[in-house]
Structures are given as C-alpha cells and as structure tokens.
Amino acid sequence: MTTTRVQEEALFLTKHHVWYNTSGSWAQATIVTVNTGGKDVVLDKISVRGQECAWDDVYYWRTSNVTVSNDLHVTPTNITGTTFDIVVQGTAKTFNKPLMT
C-alpha cells in the first residue's frame, strides 16, 4: 500500500491586539502568525473588523528559530520608515515593510 501526503497551508494566529492612541490619532495592531503547514503562504490582505489595512502600513519580522511566547506590546511612537525596531521578548527585532511588486 502506497500513500501520498499532500502538503497543506496551515496558519495559527495568536497574540493579536489592537491599540488606538487617542492623543496621537494613530492605531497599531499585532498578530503572531505561525505557519504549521508544509507550504509557504502568501498573505494578500489583512483586515480588522472589515477595515482593510493598507500594505504601506504593514511591517513584519520573520523567524524560524524564535518561539514568541510573550504578548507583543504597543510602541510609544507611530511606526514609520522602511524598517522599525520593536522589542520582542526583551530583544530588539527589526521589522520590515513588505516588498510591493
């Protein structure tokens, strides 16, 4: 008997938060996305309660050797630029804007 296992996409979303800065009139949201499947995944849209987030406002940090166990925290200032350092579990990690093609 021969069996073939088909690789599937499988994402686990955790540590999701949304913050709104009333004095600065800006918001931030975080999501830890863990790919537990056997295939690469491409995200083409992120929305919060039906409000789509523009890709100009999205930053990501990719790791294959760090398990994020602590909650993520809001930054004290609005995130700008092509990269932005954010502390994750006590260590600064560089978040990047996705490349737009």
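The values are calculated or read from the model by the stated rules, or taken from the named source; none is laboratory data. Nothing here was measured: the structure is a model prediction, and the numbers come from that model. Cβ atoms come from the backbone with ideal geometry, glycine included; neighbour counts cover every protein chain shown.
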### Query
Do you know which residues across region 64-101 are among the hydroxyl-bearing types (Ser, Thr, Tyr), touching a strand residue (DSSP E or B) at 6+ places or on another chain (Cβ under 8 Å) and within 15 Å of ILE31 (Cα to Cα)?
THR75
### Task
Please find, among TRP55, TRP61, the residue that is out of contact with any Lys or Arg (no Cβ under 7 Å at 6 or more places or on another chain) and not charged (D, E, K, R).
TRP55
### Summary
Across region 53-85, the tally of residues that are within 21 Å of THR22 (Cβ to Cβ) and either in contact (Cβ under 8 Å) with a residue 60 or more places away in the chain or aliphatic (A, V, I, L, M) (or both) stands at 3
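Could you run through region 45-63 and say how many residues are at pLDDT below 85 and part of a loop (DSSP other than H, G, I, E, B)? Spell out the reasoning first.
Kept after step one, since they are at pLDDT below 85, are these residues of region 45-63: 45-57.
Those left that are additionally part of a loop (DSSP other than H, G, I, E, B): 45-46, 49-50, 53-54.
Residues flagged as at pLDDT below 85 and part of a loop (DSSP other than H, G, I, E, B) within region 45-63 amount to 6.
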## Note on the structure
Of those in region 19-49 that are of a type in the set (A, V, I, L, M, F, W, C) and under 12 Å from the mean Cα position of the chain (by Cα), the residue farthest from TRP61 (Cα to Cα) is ILE46
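Can you pull out the residues in region 1-28 that are charged (D, E, K, R) and at pLDDT below 80? Talk me through it step by step, then tell me what you get.
Going residue by residue through region 1-28, those that are charged (D, E, K, R) are 5, 8-9, 15.
Correct list: ARG5, GLU8, GLU9.
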